[in-house]
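These notes are about the structure you will find just below.
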Amino acid sequence: MPHPPERPRTRPRLRRACLVAVLVAALGLAGCAGEESQDEGAGSPTDRGAPPTETTAEAWDDQEDVAEQCLSDTPAAATIRPATLRGPGMDLRAAAVLPPRSSGAAVVMLPQAGSPGLCGWLPYAATLTARGIASLSIDPCGSGASACDDDRAAAVADQVDLAARWLRREAGARTVVVLGASMGGSLAVRATAQGAAVDAWVDLSGPSAWDGVHLLGLAPRLTTPGLVARARRDGASSEFRAARELAARAGARFLALRDGHGWDLVLTLEGAQTTTGRVVADFIATTRPGSRS
């Protein structure tokens with residue numbers, strides 16, 4: 001069944017207003033301080049060298065907060081750790097699904113556009129724990145409760161780097177793969193081409209162009225192992241051909257599927273991994289450190 005193209009959303013520049021009012025009843029006077037901007041700079045690729053700090057957002061403190069937001073997408077038996085990652089000009093909401101024993105493999109998950117946001121990846125993330133894979137699902141700039149300066153939304157690599165460093169620091173990850181569905185698939189390709197510190201990338205049903213950026217033009221910069229999956233019946237036939245060509249130009253593996261879209265490719269309705277879901281899990285689990293150039 002064809003899926004309509006998703007449209008990117010933007011979030012206004014972060015502002016912190018400091019308003020101090022002093023009311024004096026007898027004199028009827030009021031004092032007011034001016035607005036102070038929290039713009040931390042344009043955030044060129046050099047900003048990725050500075051370690052991010054993790055902050056706790058309001059009502060995003062524990063697993064119950066994730067359950068309240070994600071509802072039926074919250075895995076019943078999984079260790080979920082909410083986090084808010086802060087970098088120059090960006091504040092990203094995230095949720096980690098951590099295995100009892102880590103294999104050292106980890107994945108940054110980028111969502112489809114729409115209301116599920118980071119929640120949509122949690123069921124699949126829970127299935128990966130059986131392989132010892134740690135997952136961190138994030139809402140990128142302009143999605144969910146994440147907020148970024150206008151000029152930081154296009155810096156996808158910086159957003160993925162915040163998550164990758166969190167996984168290496170907090171989950172002991174030795175390899176990190178960036179995985180995206182639909183909009184997130186296109187963002188995964190863009191992040192890798194921008195030089196994100198990941199060892200491999202996966203694009204599930206990513207549109208051939210997103211926010212004015214054509215993925216085929218990025219292929220020469222995709223020097224790490226990759227995996228592209230696209231269904232023939234998913235949208236225009238030109239999108240299937242573009243996905244296949246992207247994989248060919250980037251030297252990535254290509255999965256030609258019959259139907260399905262985005263994260264629906266990896267799980268059945270009952271929550272079990274599909275054949276594609278197992279292929280993606282194997283790809284994440286077998287990625288070797290140092291694959292990135």
### Task
Search the range 77-102 for residues being closer than 27 Å to T286 by Cα and of a type in the set (V, I, T), and hand back the single one that is surrounded by the fewest Cβ atoms within 10 Å (Cβ to Cβ).
T79
## Note on the structure
Here the qualifying pairs (Cβ atoms under 7 Å; residues six or more apart or on different chains; first in the range 232-253 and in contact (Cβ under 8 Å) with a residue 24 or more places away in the chain; second of a type in the set (S, T, Y) and open to solvent by less than 30 Å² (accessible area, probe 1.4 Å)) come out as D234/S205
### Query
Counting just the residues of the range 254-276 that are without any contact (Cβ under 8 Å) to a residue 40 or more places away in the chain and more than 14 Å from G185 (Cβ to Cβ), which one comes out surrounded by the most Cβ atoms within 10 Å (Cβ to Cβ)?
T274
### Query
Does the range 231-244 include one or more residues that are open to solvent by less than 60 Å² (accessible area, probe 1.4 Å) and in a strand (DSSP E or B)?
yes
### Message
Out of T74, T127, I need the residue that is open to solvent by 20 Å² or more (accessible area, probe 1.4 Å), touching a residue at least 24 places away in the same chain (Cβ under 8 Å), farther than 26 Å from W210 by Cβ and out of contact with any Cys (no Cβ under 9 Å at 6 or more places or on another chain). Which one?
### Response
T127
## Note on the structure
If you go through T223, T276, the only one that is in a loop (DSSP other than H, G, I, E, B), polar (S, T, N, Q) and out of contact with any His (no Cβ under 8 Å at 6 or more places or on another chain) is T223
### Message
Of everything in the range 103-116, what is open to solvent by less than 10 Å² (accessible area, probe 1.4 Å) and either hydroxyl-bearing (S, T, Y) or touching a Pro at 6+ places or on another chain (Cβ under 7 Å) (or both)? Give them in sequence order.
### Response
L110
### Query
For F283, which of the numbered conditions (1) open to solvent by less than 10 Å² (accessible area, probe 1.4 Å); (2) within 14 Å of V107 (Cβ to Cβ) fails to hold?
(1)
### Query
Would you pick out the residues in the range 190-209 that are touching a residue at least 40 places away in the same chain (Cβ under 8 Å), within 28 Å of S237 (Cα to Cα) and open to solvent by 10 Å² or more (accessible area, probe 1.4 Å)?
Q194, P207
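Condition first: over 23 Å from G144 (Cα atoms), out of contact with any Phe, Trp or Tyr (no Cβ under 6 Å at 6 or more places or on another chain) and modelled with pLDDT of 95 or more. Can you find one or more residues in the range 181-188 that meet it?
Within the range 181-188 (the criterion being over 23 Å from G144 (Cα atoms), out of contact with any Phe, Trp or Tyr (no Cβ under 6 Å at 6 or more places or on another chain) and modelled with pLDDT of 95 or more), the answer is no, since none of the residues qualifies.
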### Message
When the residues of the range 130-144 are narrowed to those that are surrounded by fewer than 24 Cβ atoms within 10 Å (Cβ to Cβ) and touching a Ser or Thr at 6+ places or on another chain (Cβ under 8 Å), which ends up farthest from T275 (Cα to Cα)?
### Response
G142
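Could you count how many residues in the range 158-184 are closer than 19 Å to S135 by Cβ and within 12 Å of the chain's Cα centre (by Cα)?
Within the range 158-184, residues that are closer than 19 Å to S135 by Cβ and within 12 Å of the chain's Cα centre (by Cα) number 14.
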### Message
Filter the range 221-230 down to the residues that are open to solvent by 20 Å² or more (accessible area, probe 1.4 Å) and either of a type in the set (S, T, N, Q) or modelled with pLDDT under 95 (or both) and list them by number.
### Response
T223
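Every residue, every condition in (1) touching a strand residue (DSSP E or B) at 6+ places or on another chain (Cβ under 9 Å); (2) over 19 Å from W201 (Cβ atoms), yes or no:
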residue	(1), (2)
P88	no, yes
D91	yes, yes
L98	yes, yes
R101	no, yes
G117	yes, yes
T127	yes, yes
A130	no, yes
A134	yes, no
P140	yes, no
#### Entry: Residue among D151, D139 that alone is acidic (D, E) and at pLDDT 95 or above
D139
### Message
Can you confirm whether L187 is outside any strand (DSSP E or B), under 13 Å from the mean Cα position of the chain (by Cα) and surrounded by 24 or more Cβ atoms within 10 Å (Cβ to Cβ)?
### Response
yes
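The values are calculated or read from the model by the stated rules, or taken from the named source; none is laboratory data. Predicted, not measured: the structure shown is a model, and the values here were computed from it. Reconstructed Cβ throughout: ideal geometry from the backbone, glycine too, with neighbour counts over all protein chains shown. All accessible areas refer to the heavy atoms of the entire protein, side chains included, with ligands and DNA or RNA removed. Shrake-Rupley method; radii C 1.70, N 1.55, O 1.52, S 1.80 Å.
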